[in-house]
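Each remark here refers to the structure printed beneath this line.
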Amino acid sequence: MELCNINHIKPLLARHGFHFSKSMGQNFLIAPWVPQQIAEGAGLDENTGVLEIGPGIGCLTEQLSKRAGKVLAIELDKGLENVLGETLSEFENIKVIFGDALKLDLKKLAAEEFGTLKPVVCANLPYNVTSPLISAFLEAGCFDSMTIMVQREVARRICSVAGESDYGAFTVYVNWYAETEILFDVSPSCFVPRPKVWSSVIKLRSRKAPPAQVSDEALFFRIVRAAFNQRRKTLANALSAGLPEITKEEILKAMELCGMEEKVRGEVLDIKGFAELTNEISKMMA
Ligand code: SAM
């Protein structure tokens, strides 16, 4: 069966009484080049174990199965159980688990299911839980890379650099854990039902070590969040609102020690800038 052919998909779904759910972010691919190119972009071989979130009817799962040692697919919608039973039955290296990926211990699952295989993530993510899923992948700390399709706006936010309008706390957070790259864009016409916005496939490559040294990682993330919480304020004002335990004068002193101007805004600081500032502020808090 051609899993991206709308003339095959419609009767398949009708046979199993399946209805699309918006709340589960169900937009299925109907352009065969897309799952092929996502799977290619993931750089798989027989030594890789792939975690896929949301196989849908299995069009990407099939492509992953052809390239990887094993595929573990987690699907929230039990209504797809019989569909997937039909579409993926001939592939021996695929295991499908039904459940909410956000409630599972992904690190434990990867260790149990992949053994000596190198764990990676490859998925067309449900758009309504993209950010918590990305956080779960990064914090699991076991995935070598994540090749994922997300809304184009989210892709731009993740892959932007300091000073750009899309740059924000989530950019710094993701780039702390991974190097980020946009692979390609995908038009709404490649899905059923057709979404309103474009999508992009991005690749996150886990870093061996963080891109800067900080004495207190929790403080680093507090400072980043505070800096972007009030984007219109200067960095000094945003931080003095977000860090009540130190004075604005101390914040200005720490900024001066980092060679930052008094009126600078948080959005121009790159990760190294935030790290330097964290280390100065941390000394003042000691
Ligand atoms: N992989 C298919 C494709 O590319 O055509 C479907 C992708 S669709 C964008 C997202 C899929 O994720 C749906 O099958 C949906 O049911 C599933 N899903 C939504 N929330 C989920 C969750 N929390 N855990 C696991 N799967 C989820």
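Figures for the structure shown
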quantity	calculated
Index of the failed condition, Glu256 passing every other in (1) open to solvent by 60 Å² or more (accessible area, probe 1.4 Å); (2) within 21 Å of the chain's Cα centre (by Cα)	(2)
Residue check for Ala169: among the small types (Gly, Ala, Ser), open to solvent by 20 Å² or more (accessible area, probe 1.4 Å), on the phi < 0 side of the Ramachandran plot and under 19 Å from the mean Cα position of the chain (by Cα)	yes
Residue in segment 247-267 that is of a type in the set (Gly, Ala, Ser), at pLDDT 95 or above and touching a Cys at 6+ places or on another chain (Cβ under 8 Å) present	no
Meets criteria (more than 14 Å from the ligand (Cβ to nearest atom), among the polar types (S, T, N, Q) and either free of Cβ contacts under 8 Å to residues at least 40 places away in the same chain or surrounded by fewer than 21 Cβ atoms within 10 Å (Cβ to Cβ) (or both)) for Ser89	yes
Candidates Leu72, Leu102 - the one that is of a type outside the set (Ser, Thr, Tyr) and near the ligand (Cβ under 9 Å from one of its atoms)	Leu102
Qualifying positions in segment 8-18 - touching a helix residue (DSSP H, G or I) at 6+ places or on another chain (Cβ under 8 Å) and within 13 Å of the ligand (Cβ to nearest atom)	Leu12, Leu13, Phe18
Matching residues, segment 197-209, being open to solvent by 60 Å² or more (accessible area, probe 1.4 Å) and either in a strand (DSSP E or B) or farther than 25 Å from Ser135 by Cβ (or both)	Arg205
Pairs, first at negative phi in segment 212-225, second open to solvent by 10 Å² or more (accessible area, probe 1.4 Å) and of a type in the set (Val, Ile, Thr), C-beta under 8 Å, six or more apart	Ala212/Ile271; Phe220/Val214
Residue match in segment 34-44 (condition: part of a loop (DSSP other than H, G, I, E, B), closer than 26 Å to Arg15 by Cα, at pLDDT 95 or above and within 10 Å of the ligand (Cβ to nearest atom))	no
Enumeration of residues in segment 46-55 that are in contact with a Lys or Arg (Cβ under 9 Å, 6 or more places away or on another chain) and either near the ligand (Cβ under 7 Å from one of its atoms) or of a type outside the set (Ser, Thr, Tyr) (or both)	Glu46, Asn47, Gly49, Val50
Selection count, segment 204-252, where residues are under 30 Å from Asp144 (Cβ atoms) and among the hydroxyl-bearing types (Ser, Thr, Tyr)	2
Residue in segment 220-229 that is out of contact with any Cys (no Cβ under 8 Å at 6 or more places or on another chain), surrounded by fewer than 17 Cβ atoms within 10 Å (Cβ to Cβ) and modelled with pLDDT under 95 present	yes
Residue match in segment 108-115 (condition: in contact with a helix residue (DSSP H, G or I) (Cβ under 8 Å, 6 or more places away or on another chain) and closer than 20 Å to Ile148 by Cα)	yes
Segment 112-153: number of residues that are part of a loop (DSSP other than H, G, I, E, B), open to solvent by less than 30 Å² (accessible area, probe 1.4 Å) and of a type in the set (A, V, I, L, M)	1
Residue selected from segment 56-69 under the condition over 16 Å from Leu109 (Cβ atoms) and part of a loop (DSSP other than H, G, I, E, B), by the criterion nearest to the ligand (Cβ to nearest atom)	Gly56
From the options Val154, Val161, Val214, residue that is farther than 30 Å from Gly115 by Cα, touching a strand residue (DSSP E or B) at 6+ places or on another chain (Cβ under 9 Å) and aliphatic (A, V, I, L, M)	Val154
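The values are calculated or read from the model by the stated rules, or taken from the named source; none is laboratory data. Computed from a prediction, not measured in an experiment: that's the story for all the values here. Note that each Cβ is placed from the backbone with ideal geometry, even for glycine, and that neighbours are counted across all protein chains shown. SASA here: full protein model, heavy atoms, side chains in, ligands and nucleic acids out. Shrake-Rupley method; radii C 1.70, N 1.55, O 1.52, S 1.80 Å.
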